[in-house]
Amino acid sequence: MKDLYSKYLEHPTICTDTRNIIPDSMFVCLKGERFDGNTFALQALENGAAYVVTEDKKLSNNDRCIIVDDCLQTLQALAAYHRQQLNIPIIGITGTNGKTTTKELIATVLSKKYQTAFTKGNLNNHIGVPLTLLSIRPDDEIAIVEMGANHPGEIEFLCNIARPTHGLITNIGKAHIEGFGSVKEIIHTKKALYRSIIEDQGTLFVNVNDTILQNNLDYNKVHFYAEGGEDNITKMSPYLRIKVADQEIDTNLTGSYNIYNFLAAAAIGQFFGVDNALVADALQSYVPSNHRSQINKIGSNIIISDYYNANPTSMEAAIRNLSKLEHSNKMAILGEMRELGSISEQEHLHIIDLCKELSINVIFVGTEFCKHQPEHCFPSSEALNEALLQHPIQNAMVLVKGSNGIHLDRLTAILQ
């Protein structure tokens, strides 16, 4: 590992896709269900990589090829070794909902004072976390590592690589039940972040309003935040105006549920000594992307784009938020929620009933919704798009929410 690490220090950029080779980088040949990076080893060198980490023993005579038994395990081990050399705060973030937005808000705040490394996009799994760690440079003063999970034990595994010194769980809700098996297992898996940080005597940031996160938490280095909860929202129009860091600010996010993401970022900024005025400036300047609580004026409609992903917890929060917003013509387009396993039927029925209870005008998309025969339901996004081309929505505020797999981005009739 020391020999590999010395080469990494000379060429500290890791690439895993030959289509995007950065000159003088180190290419790691990863494998998936439909690809094998080992078959592109020589192409990576031709495209500018300095070294290739590969399992292909036929390349052992090539001085620029580093032969290993398992490229993924080598990537993870290299990231863990690099982490051991770092002497900076590493903030670990996980949770069912809001972890990417919270991570980006925290990064925006901390960047006001520190050279900050953080997870790009949602590279938060067994590949993304190592890549994030290996992107940390000698001049970085603090790092934020987002960790996701869709099966038991995954957060513990990622913590063993990242060894966070500080940590935050945004919340724990119903998601990936198909992989976890139960909500109890989700709680145990997510709380592995707490267990790791407690073992290393680090600092936890805990939402004072969240009883699940506080349950059985007996530890003396806990920094509680979010006092007042949603009372810190002073206006929803549909953008949030919030009171945070002793100031009232207008944000670029919608959704009352986002108040906890803002308050988490403010708490961590204050903990690390960022001036309150700079905290407020950072939160006010943050603009969401990737269809997470984004608001766009498209034609005569106001579109709330929140279809990066969906689970029962986030879906209910988005619907309840819509019900609170002021507009004469509100409606929702809701795509089905994936990876719910045995609870899928009851959770989709609950969302239908909730929309009836709140008198939300709604169009459902996906077979899981259509099973219950709600008034307006289409089996696919393509089918709904055809209908919207014939009968366009006009002068409305429209929440668009659903799992990635239902492809609500294909609703070009309303999203373009």
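With +1 on the Cβ of every Lys and Arg and -1 on the Cβ of every Asp and Glu, and nothing else charged, how large is the dipole of the chain about its Cα centre, in debye rounded to the nearest 20?
Values: 35 positive and 47 negative charges, 61 e Å.
Result for the chain is approximately 300 debye, rounded to the nearest 20.
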Amide proton proximity set for residue 172, modelled H, under 5 Å, gap of 5+: 96
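Which order do 63, 17, 3 take by accessible area at a 1.4 Å probe, largest first?
Details: 63 135, 17 45, 3 115 Å².
Ranked list, largest accessible area first: 63, 3, 17.
Given axes a ≥ b ≥ c from the Cα gyration tensor, I'd like to know whether the stretch 372-416 is rounded (a/c under 1.5), prolate (a/b larger than b/c) or oblate.
Values: a/c = 1.40, a/b = 1.17, b/c = 1.19.
Rounded, since a/c falls under 1.5.
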Straight-line reach only, C-alpha to C-alpha below 16 angstrom: list the aspartates and glutamates that residue 31 could link to, leaving out same-chain residues fewer than 8 apart. 17, 55, 56, 69, 70
Can you give the net charge of the other residues whose Cβ lies under 15 Å from the Cβ of residue 40, counting K and R as +1 and D and E as -1? 0
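Okay, helix-only estimate at 222 nm for the chain: each DSSP H run of n ≥ 4 adds -39500 (n - 2.57), divide by all residues, round to 500 deg cm²/dmol; what do you get? Walk me through the numbers before you get to the answer.
Working: 17 runs with 150 residues, N = 416.
It comes out at -10000 deg cm²/dmol, rounded to the nearest 500.
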Spelling out what I want: for every residue of the stretch 145-151, take phi, set θ = phi - 60°, compute 6.51 cos²θ - 1.76 cosθ + 1.60 (Karplus), and round to whole Hz; glycine and proline get x. 10, 7, 10, x, 8, 10, 8
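Taking the solvent-accessible surface of protein heavy atoms with a 1.4 Å probe, what is the per residue accessible area of the chain in Å²? Walk me through the intermediate numbers first.
Numbers: 18810 Å² over 416 residues.
Accessible area per residue, the chain: 45 Å².
Of the beta bridges DSSP finds with both residues in the stretch 194-352, what % are antiparallel, to the nearest 5? List each step's numbers first, then the result.
Details: 13 of 17 bridges.
Here the share of antiparallel DSSP bridges comes out near 75 percent.
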So what's the gap between the Cα centers of the stretch 251-294 and the stretch 1-75, to the nearest angstrom? 38 Å
Place +1 on the Cβ of every Lys and Arg and -1 on the Cβ of every Asp and Glu in the stretch 1-137, take the dipole about the Cα centre, and give the residue among 118, 23, 82 whose Cα lies farthest towards its positive end. 118
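Given Cα pairs under 8 Å that are at least 6 residues apart, what percent is the relative contact order of the stretch 77-153? Please list the in-between numbers first.
Numbers: 102 pairs, mean separation 32.2, N = 77.
It rounds to 42 percent for the stretch 77-153.
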Can you tell me, using C-alpha contacts under 8 Å and at least 6 residues apart, the relative contact order of the stretch 168-263 as a whole percent? 20 percent
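Nearest-5 percent of antiparallel DSSP beta bridges in the chain?
Working: 14 of 57 bridges.
Just about 25 percent of them are antiparallel.
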Please name whichever of 309, 393, 147 sits farthest to the positive end of the charge dipole of the chain, dipole taken about the Cα centre and charges placed at Cβ: Lys and Arg +1, Asp and Glu -1. 393
Quick one: what are the phi-derived ³J(HN,Hα) couplings along the stretch 51-63, Karplus 6.51/-1.76/1.60 with θ = phi - 60°, whole Hz, x for glycine and proline? 9, 10, 9, 9, 9, 7, 5, 5, 9, 5, 7, 8, 4
Apportionment of accessible area to carbon and sulfur, the stretch 83-202, percent (1.4 Å): 49 percent
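How high is the relative contact order of the chain, given as a whole-number percent (alpha carbon pairs under 8 Å, six or more residues apart)? Don't jump to the answer; show the numbers that get you there.
On the way: 842 pairs, mean separation 47.6, N = 416.
Result for the chain is 11 percent.
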Cβ-Cβ cut-off under 15 Å around residue 384, Lys and Arg +1, Asp and Glu -1: the net charge is -4
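The values are calculated or read from the model by the stated rules, or taken from the named source; none is laboratory data. This one's a predicted model, so the numbers in the text were calculated from it and none came from an experiment. Reconstructed Cβ throughout: ideal geometry from the backbone, glycine too, with neighbour counts over all protein chains shown. The area values use the complete protein model at the heavy-atom level, side chains included, leaving out ligands, DNA and RNA. Shrake-Rupley method; radii C 1.70, N 1.55, O 1.52, S 1.80 Å.
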